[in-house]
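Notes to accompany the following structure.
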Amino acid sequence: MKLAVIGAGIAGRLLTWRLAKRGHQVTLYDKQQKGEESACSFAAAGILSPLAELEMAELDIFELGNHSMKLYPQWLKQLTTPVFYRQTGSLVTAHGSDRVELDHFYRVIQRKLGAEKASQTLVKKIAVAEKEEDLSHLGDGLYLPTEGQIDPVGLMHSVMNELEHSDCVTIHYGKRISTLSNGQIEAEGTTEAFDWVFDCRGLGAKNDLPLRAVRGELLWLQAPDVSIKHLTRLIHPRYRIYVVPRPNNLYLIGATEIESEDYSPVSVRSSLELLSAAYSVHRGFGEARIINSVVNCRPALPNNLPWVKTQSGITKINGLYRHGILLAPAVVEQAIKEFEQEVNQEIGNVQYAN
Ligand SMILES: Cc1cc2nc3c(=O)[nH]c(=O)nc-3n(C[C@H](O)[C@H](O)[C@H](O)COP(=O)(O)OP(=O)(O)OC[C@H]3O[C@@H](n4cnc5c(N)ncnc54)[C@H](O)[C@@H]3O)c2cc1C
């Protein structure tokens, strides 16, 4: 079959790769030029956190996220270029004055998961110093042993490398698709026919779907005086942050969540909030260097849930919101399943008619 994937963010890239591995001929289109990194997926911190996200999210996110956590290790083994990935658990903590917020977090997770499951296997109450000596001042916390992280930029490059070396994939950079429908796409006044079209445009699909943009800002710090090993969330009534440790004392501090389609640079206010909260976690961040600041907008639907919809000739993936890196493998697998079921049904119908 002749397939088109529109959008080379995490959804479109992983989808193209998995379709090609199943023997399909796929043409991938993106409006970005080769080497450009303006897709939202390049901005992500790479937190793979189905459980901690449950505080704000629906159980669907937890279940899809857990499925992705099973797929990631298998898929990463199939990449030629290795990608930084860890599943060493995460910490959730709060300052003494905000203990009530941490207790609330724990109760919400317990209620959504069921108390027994939450308390025995997935969420452990600990003294933070058991996992991070330098953070003993934070007192108590929660340890979520199944959570992980990945380097999204490394993943995006590594998957693209597979696509560029695949005989089943053709890539068109710098091509903005103006309209797409089942079996057809239009770019720069020319129309091309396909057996199936996959729409993975993220916010680029906002004229067709009720999408909204949620701005996120993230700072990259080089901090030789800090040695935090675990992904750490600070629960705070106003400035919630996560600290994502990467090799060589690199830390990602994020992320703001602002209802706006605004791609302008990180604001002073957000920088102050993110950095003061980081400094309150570890004084060593005071001497850190800000080596990068990242802004992008997350594609969100009104219910903040991911969306996979298949009709004859077209499958749409969107609404990955703040969990796109986490959810992409599960969502891509679901899209391929729906597409193949629909195609098999159509073939069955034709044979029956004959
Ligand atoms: C600061 C920040 C931190 C984040 N941290 C995390 C995290 O830790 N963990 C996590 O799971 N998620 C995180 N996210 C969310 C995650 O980044 C998104 O959910 C995800 O990147 C969405 O992927 P996507 O493929 O749907 O969209 P995108 O990455 O935006 O890709 C869409 C692609 O479609 C292309 N396109 C659009 N329109 C057209 C068109 N007309 N023609 C051709 N091409 C087109 C675009 O150029 C783009 O390449 C974070 C997001 C932000 C902003």
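Below is a table of values for the structure above.
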item	result
Yes/no for GLN149 being closer than 23 Å to GLN334 by Cα and open to solvent by less than 40 Å² (accessible area, probe 1.4 Å)	yes
Failed condition for LEU219, given (1) assigned by TED's automatic domain parsing to the domain that holds ILE241; (2) in contact with a strand residue (DSSP E or B) (Cβ under 8 Å, 6 or more places away or on another chain); (3) open to solvent by 70 Å² or more (accessible area, probe 1.4 Å)	(3)
Out of GLN33, GLN74, sole residue that is polar (S, T, N, Q), more than 9 Å from the ligand (Cβ to nearest atom), open to solvent by 20 Å² or more (accessible area, probe 1.4 Å) and under 18 Å from the mean Cα position of the chain (by Cα)	GLN74
Hits in segment 155-185 - residues which are modelled with pLDDT under 95, open to solvent by 70 Å² or more (accessible area, probe 1.4 Å) and closer than 18 Å to LEU19 by Cα	ASN182
Candidate set: segment 48-59, residues that are open to solvent by 20 Å² or more (accessible area, probe 1.4 Å) and out of contact with any His (no Cβ under 9 Å at 6 or more places or on another chain); chosen: the one farthest from the ligand (Cβ to nearest atom)	LEU59
Members of segment 228-239 found to be away from the ligand (no atom under 13 Å from the Cβ), within 21 Å of TYR106 (Cβ to Cβ) and either of a type in the set (Lys, Arg) or outside any loop (DSSP other than H, G, I, E, B) (or both), listed by number	THR232, LEU234, ARG238
Residue within segment 180-188 that is farther than 23 Å from ILE47 by Cα and part of a helix (DSSP H, G or I) present	no
Of the criteria (1) free of Cβ contacts under 8 Å to residues at least 24 places away in the same chain; (2) more than 30 Å from ALA8 (Cα to Cα), which one LYS70 fails	(2)
Count of residues meeting criterion [more than 9 Å from the ligand (Cβ to nearest atom) and either open to solvent by less than 20 Å² (accessible area, probe 1.4 Å) or within 21 Å of TYR72 (Cβ to Cβ) (or both)] in segment 308-330	6
Segment 142-154 residues that are within 9 Å of SER90 (Cβ to Cβ), paired with ones that are assigned to a loop (DSSP other than H, G, I, E, B) and among the hydroxyl-bearing types (Ser, Thr, Tyr) (beta carbon under 9 Å, 6 or more apart)	LEU144/SER49; PRO145/THR88; GLU147/SER49; GLU147/THR88; GLY148/SER49; GLY148/THR88; GLN149/SER49; GLN149/THR88
Meets criteria (surrounded by 21 or more Cβ atoms within 10 Å (Cβ to Cβ), within 9 Å of the ligand (Cβ to nearest atom) and more than 25 Å from LEU252 (Cβ to Cβ)) for ARG201	yes
Residues of segment 228-254 that turn out to be open to solvent by 20 Å² or more (accessible area, probe 1.4 Å) and at pLDDT below 95, as a count	5
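Okay, residues lined up against (1) over 16 Å from the mean Cα position of the chain (by Cα); (2) within 11 Å of the ligand (Cβ to nearest atom); (3) not aliphatic (A, V, I, L, M); (4) not assigned by TED's automatic domain parsing to the domain that holds ASP140:
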{"position": "LEU3", "(1), (2), (3), (4)": "yes, no, no, yes"}
{"position": "VAL26", "(1), (2), (3), (4)": "yes, no, no, yes"}
{"position": "TYR29", "(1), (2), (3), (4)": "yes, yes, yes, yes"}
{"position": "ALA39", "(1), (2), (3), (4)": "no, yes, no, yes"}
{"position": "ALA45", "(1), (2), (3), (4)": "no, yes, no, yes"}
{"position": "ILE61", "(1), (2), (3), (4)": "no, yes, no, yes"}
{"position": "HIS67", "(1), (2), (3), (4)": "no, no, yes, yes"}
{"position": "PRO82", "(1), (2), (3), (4)": "yes, no, yes, yes"}
{"position": "ALA94", "(1), (2), (3), (4)": "yes, no, no, no"}
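The values are calculated or read from the model by the stated rules, or taken from the named source; none is laboratory data. Everything quoted here is computed from the prediction, not taken from an experiment. All Cβ positions, glycine included, derive from the backbone under ideal geometry; neighbour counts span all protein chains shown. What goes into the accessible areas is simple: the full protein's heavy atoms, side chains included, and nothing from ligands, DNA or RNA. Shrake-Rupley method; radii C 1.70, N 1.55, O 1.52, S 1.80 Å.
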